[in-house]
Amino acid sequence: MKEKDKIYDNYLDLKNIHSLNDYTKLEKAGKIIYDGGLVLFPTETVYGLGANGLDPEAVKRIYIAKGRASDNPLILHICDIGMLGKIAQNITDLEFSLMNAFWPGPFTIILNKTPFVPSIVSGGLETVGVRMPSNEIARNLIKYSGVPIAAPSANISGRPSGTNINDIFDELASKVDYIIDGGDCNIGLESTVVRVIDNVPHILRPGKITAEEIKQVAGNVIIDKHILGKLEPNKKVLSPGMKYKHYAPKTECVLVYDSSINKIQEKIIHVAQKCISNGKVPTIMCSEQNSEFLRKNLDENIHIINLGSDLNSISKNIFSDLRKADTYNSDLIIIEGVSTDGLGLAIMNRLLRACNYNVI
Ligand code: AMP
Ligand code: MG
């Protein structure tokens with residue numbers, strides 16, 4: 001079979017779900033997962049690169065396909081609470097309350113693992129990240145596979161996460177056995193990752209579920225200091241993912257932020273003009289509020305990408321727009337930052353890494 005036919009045969013378009021019956025089409029993909037295959041599938045956060053989370057050989061294929069470091073553990077995705085007992089143990093009341101509050105949804109909790117979870121899934125740790133996604137395609141895929149699905153974000157390690165199939169097709173299609181196209185992901189940033197230590201939730205990776213929401217359930221919350229800070233070499237961290245390069249386009253990026261909209265505009269113009277005077281071409285990614293002003297004040301040939309007018313749209317667009325900015329082959333991508341309140345914390349966490357902490 002030619003490669004193209006193979007991909008066509010193993011591609012399921014579920015962008016428009018008309019009835020609950022459409023989910024039965026996921027039976028084939030579920031069987032592929034159960035049998036040790038790799039499947040690209042949508043969730044409400046980003047696309048996942050999924051495999052049978054109880055099958056070490058299948059999970060190994062995920063690490064190889066992504067080029068992911070073997071000590072960076074994977075999240076197990078479940079479709080109902082009945083699946084939890086097989087993979088996690090000694091769960092505390094607070095951990096149950098958090099799951100109850102935020103599942104199904106963009107929330108991952110780090111729990112003590114059972115011996116059923118292969119150590120390749122947990123990167124050798126005694127804990128495992130667990131999430132119950134809310135996306136119905138993801139949930140039905142897990143249901144049909146009958147096993148927890150190990151799934152990291154669908155991207156080559158270090159690159160921006162994939163939030164639609166087009167963005168990741170070239171880098172991953174040839175490495176997977178099946179593709180489920182569910183259109184654009186609603187949230188666009190990966191799940192909030194939390195670990196409860198001494199009865200206090202620690203946010204290890206910020207996401208759509210904010211510190212404020214977690215505090216409302218737990219009465220307390222700690223935001224790990226590495227979320228906005230650069231890691232010193234050899235520093236011990238609570239989440240191995242913090243050590244690695246993330247979300248980066250191929251083009252060099254700089255993050256610009258200030259206390260007022262006028263100062264941000266001034267800074268962006270200054271950085272763009274400096275770039276141009278050095279004979280280089282910038283691309284700008286900014287909020288809707290600034291895009292019109294910048295268009296009027298900069299050469300019309302400069303690409304200006306409008307990220308959206310609020311934190312929800314920025315979070316939905318950011319990964320796809322980082323990839324789009326790369327296609328313009330410019331010399332520098334200038335990205336407008338946001339305040340770190342609420343969902344802004346998750347956006348800035350991703351942007352700081354995309355820019356390798358190059359902030360002005
Ligand atoms: P990704 O799979 O790309 O969404 O990344 C998952 C994130 O969760 C990574 O940053 C991992 O390091 C983190 N993670 C997964 N399992 C654990 C665990 N058992 N303990 C701490 N962090 C974890
Ligand atoms: Mg990832």
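Throughout, read-outs are computed from the coordinates displayed, never taken from laboratory work. This is a predicted model, so every value here is computed, not measured. For neighbour counting, all protein chains shown are included, and Cβ atoms are generated from backbone atoms with ideal geometry for every residue, glycine included.
The dipole here belongs to the chain: it is taken about the Cα centre, uses +1 on the Cβ of Lys and Arg and -1 on the Cβ of Asp and Glu, and is about 780 debye. When Glu300, Glu44, Glu57 are arranged by Cβ crowding within 10 Å, least crowded first, meaning fewest neighbours, the order is Glu300, Glu57, Glu44. Between helix 93-102 and the chain there is an angle of about 60 degrees, using the helix long axis and the longest principal axis of the Cα atoms. With θ taken as phi - 60° and the Karplus curve 6.51 cos²θ - 1.76 cosθ + 1.60 applied, the whole-hertz 3J(HN,Hα) list for the stretch 347-358 is 5, 5, 4, 6, 5, 4, 6, 4, 8, 6, 6, 7 Hz, x standing for glycine and proline. Taking the Cα centre of the stretch 1-142 as origin and assigning +1 to Lys and Arg Cβ atoms and -1 to Asp and Glu Cβ atoms, the resulting dipole is close to 360 debye.
Going from the fewest other Cβ atoms within 10 Å to the most, the residues Glu232, Glu292 appear in the order Glu232, Glu292.
Cys residues of the chain that find no other Cys beta carbon under 4.7 Å: Cys79, Cys185, Cys275, Cys286. Under the convention that each Lys and Arg Cβ holds +1 and each Asp and Glu Cβ holds -1, the size of the dipole of the stretch 238-360 around its Cα centre is about 440 debye. Near the amide H of Thr127, within less than 5 Å, lie the amide hydrogens of Lys113, all on another chain or at least 5 residues away, with H placed in the peptide plane. Farthest toward the positive end of the dipole of the stretch 175-308, out of Phe293, Leu204, Pro233, is the Cα of Pro233, where the dipole comes from beta carbon charges about the Cα centre.
The phi torsions of the stretch 30-46, fed into the Karplus equation with coefficients 6.51, -1.76 and 1.60 and a -60° offset, translate into couplings of x, 5, 4, 4, 4, 7, x, x, 10, 10, 8, 9, x, 10, 6, 8, 9 Hz, rounded to whole numbers, with Gly and Pro shown as x. Using θ = phi - 60° in the Karplus curve 6.51 cos²θ - 1.76 cosθ + 1.60, the 3J(HN,Hα) couplings for the stretch 271-279 round to 5, 5, 5, 4, 4, 5, 5, 8, x Hz; x is entered for Gly and Pro. Cβ crowding within 10 Å ranks Ile222, Ile214 as Ile222, Ile214, fewest other Cβ atoms first. Here the Gaussian network model covers the chain, with springs between Cα atoms less than 10 Å apart; of Val39, Val281, Val193, Val281 fluctuates the most. Classify the stretch 62-133 as rounded, prolate or oblate, taking a ≥ b ≥ c as the square roots of the eigenvalues of its Cα gyration tensor: rounded when a/c is under 1.5, otherwise prolate if a/b is larger than b/c and oblate if not. In terms of gyration-tensor shape, prolate. Toward the positive end of the charge dipole of the stretch 132-225, with +1 on the Cβ of Lys and Arg and -1 on the Cβ of Asp and Glu, the farthest Cα among Gln216, Ala138, Ser161 is that of Gln216.
Pairs Lys208/Lys274; Lys60/Lys250; Lys31/Lys208; Lys31/Lys175: which are spaced more than 28 Å apart, C-alpha to C-alpha?
From the list (Lys208/Lys274; Lys60/Lys250; Lys31/Lys208; Lys31/Lys175), the Cα-Cα distance tops 28 Å for Lys208/Lys274; Lys31/Lys208.
Taking a ≥ b ≥ c as the square roots of the eigenvalues of the alpha carbon gyration tensor, the stretch 1-158 is oblate, as a/c is not under 1.5 and a/b does not beat b/c. Please list, in chain and number order, the residues 5+ apart from Leu332 or on another chain whose amide H is under 5 Å from its amide H, with Hs placed from the backbone. Hits under the 5 Å cutoff: Val281, Thr283. Across the chain, C-alpha contacts under 8 Å between residues 6 or more apart give a mean separation that, scaled by the residue count, equals a relative contact order of 19 percent.
Quick check on the stretch 30-71: take the gyration tensor over C-alpha atoms, sort the square-rooted eigenvalues as a ≥ b ≥ c, and tell me if it's rounded (a/c under 1.5), prolate or oblate. Oblate shape, in that a/c is at least 1.5 and b/c is the bigger or equal ratio.
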